[in-house]
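Nothing in this text is a laboratory measurement; each read-out follows from the coordinates by a stated rule. The shown structure was predicted, so the numbers you read here are calculated from the model rather than taken from an experiment. Cβ coordinates were reconstructed from backbone atoms using ideal geometry, including for glycine residues, and neighbour counts include every protein chain displayed.
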Amino acid sequence: MTQKENPTEADLQENADPTGERPKKERVIHTRVPAVLEAELKKFADNLRVPVSNLVRTILEDAVAVADRASDKVEQRLRTAAQQLHDEREKVRQSIVKDPLDGVYAFQALVLNGSNECVKCHAELAAGDEVHLALSDKPGPRTFVCSQCIPVKK
Ligand SMILES: [Zn+2]
């Protein structure tokens, strides 16, 4: 490519609008490219009827935007994964510390006929013990509560 046919970025800057419309932040980058790439760029630029430098700048800007989007996605994915981990951990924690009497709407006093354990304090309950059956709409095994674990009205 000869510099006469397509103005380089340096030419553009030298011929820059004296009113200073171009932002001063712009810098000139010189780089070597393979001849085949130059030929392709020139052909592409000719097709678009734009200077090669404009085409290269546009391609670079697109590439940077794509890279930005890619890193945004990666960051978003990491954030999502971290959030899921946090949520799952919270769920696990809640299921561990969950009050076993959650969902229990009443206690039925009765005398146990067989061994069991208090669902709350895990005290052993034996046949003949006065215990309370925890009544709940949740499916699951029958649960009993010892007299110490029954909520007391203060
Ligand atoms: Zn108990």
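Counting only DSSP beta bridges whose two residues both lie in the stretch 104-149, roughly 90 percent are antiparallel. Proximity of backbone amide H atoms, modeled 1.01 Å from N, is registered between LYS120 and CYS146 at under 5 Å, excluding neighbours fewer than 5 places apart on the same chain. Applying the Karplus relation 6.51 cos²θ - 1.76 cosθ + 1.60 with θ = phi - 60° to the stretch 78-85 yields 3J(HN,Hα) values of 5, 4, 4, 4, 5, 5, 4, 4 Hz, where x marks Gly and Pro. Residues whose amide H comes within less than 5 Å of that of THR143, counting only those at least five positions distant or on another chain, are ALA134 (H built at 1.01 Å from N in the peptide plane). Building the convex hull from the alpha-carbon atoms of the stretch 104-149 and averaging its projection over directions returns 2.9 nm².
Nearest 0.05, what FRET efficiency do LYS98 and GLN76 give at R0 = 30 Å with Cβ-Cβ as r?
The computed FRET efficiency comes out at 0.40.
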